[in-house]
Amino acid sequence: MQYFKIWPNVAGGIGENTVLDRSVHPPIVTRLHYVVEGWFGDVIVTTFPSFLVTQETQHALQEMGFSGATFAEAEVTISEECEEDQPGLQLPPFVWLKVNGKAGRDDFGVAMPFRLVISRRILDLLESLGIPFAVVEPYEQ
């Protein structure tokens, strides 16, 4: 199976309601609040150390079956700057993609230094749903 490093679009940042332990690296997030600062359609977005996918993407992943990640609820809000820059922006519902797999073995994994690694079939799905601002490169183990 082929694997790829993906740098999802950074559409925002960690919000004030996030709970995380910074005493370890990468920090462990137990509650995620994502503040969107600009969104242009990618179905997967990131801010260190977390990833989110649209609910549509979650359902597509669950239908196909996958390994190396689970889903959790996330609080997603839009910044004032984003409201000014993109008036009327309608965000789809997003969910937290909690990656726990091994890079190059599972469909989702994280390689050092905190790079998301996905399988070919996950890449194909994400591309079909829309990742226009993601950067993708082959992953060599």
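The values are calculated or read from the model by the stated rules, or taken from the named source; none is laboratory data. Since the structure is predicted, the reported quantities are computational estimates derived from the model, not experimental observations. Cβ placement follows ideal geometry from the backbone for every residue including glycine, while neighbour counts extend to all protein chains displayed. Heads up: the accessible areas ignore ligands, DNA and RNA and are worked out on the full protein's heavy atoms, side chains in. Shrake-Rupley method; radii C 1.70, N 1.55, O 1.52, S 1.80 Å.
Looking only at residues that are in contact (Cβ under 8 Å) with a residue 60 or more places away in the chain and not in a helix (DSSP H, G or I) in the stretch 48-67, which one is surrounded by the most Cβ atoms within 10 Å (Cβ to Cβ)? Here the residue is Phe51. Selection within the stretch 1-31: residues that are touching a residue at least 40 places away in the same chain (Cβ under 8 Å) and under 12 Å from the mean Cα position of the chain (by Cα). The member of this set that is surrounded by the fewest Cβ atoms within 10 Å (Cβ to Cβ) is Trp7.
One residue stands out in the stretch 77-96 among those that are in contact with a helix residue (DSSP H, G or I) (Cβ under 8 Å, 6 or more places away or on another chain) and assigned to a strand (DSSP E or B): the one that is nearest to Val43 (Cα to Cα), namely Phe94.
Residues in the stretch 32-47 that are among the hydrophobic types (A, V, I, L, M, F, W, C), out of contact with any helix residue (DSSP H, G or I) (no Cβ under 8 Å at 6 or more places or on another chain) and open to solvent by less than 20 Å² (accessible area, probe 1.4 Å): Leu32, Val45.
Candidates Thr70, Thr77: the one that is over 15 Å from the mean Cα position of the chain (by Cα), open to solvent by 10 Å² or more (accessible area, probe 1.4 Å), modelled with pLDDT of 95 or more and over 23 Å from Val135 (Cβ atoms) is Thr77.
Anything in the stretch 110-130 that is of a type outside the set (Lys, Arg), open to solvent by 20 Å² or more (accessible area, probe 1.4 Å) and not in a strand (DSSP E or B)? List them, or say none.
Met112, Pro113, Phe114, Asp124, Leu125, Glu127, Ser128, Leu129
Residue count for the stretch 87-109 satisfying the condition of being under 15 Å from the mean Cα position of the chain (by Cα), over 17 Å from Thr57 (Cβ atoms) and either among the charged types (D, E, K, R) or surrounded by fewer than 19 Cβ atoms within 10 Å (Cβ to Cβ) (or both): 1. Which number in (1) at pLDDT below 95; (2) under 13 Å from the mean Cα position of the chain (by Cα) marks the one condition that Pro113 misses? Going through (1) at pLDDT below 95; (2) under 13 Å from the mean Cα position of the chain (by Cα) one by one, Pro113 breaks only (2).
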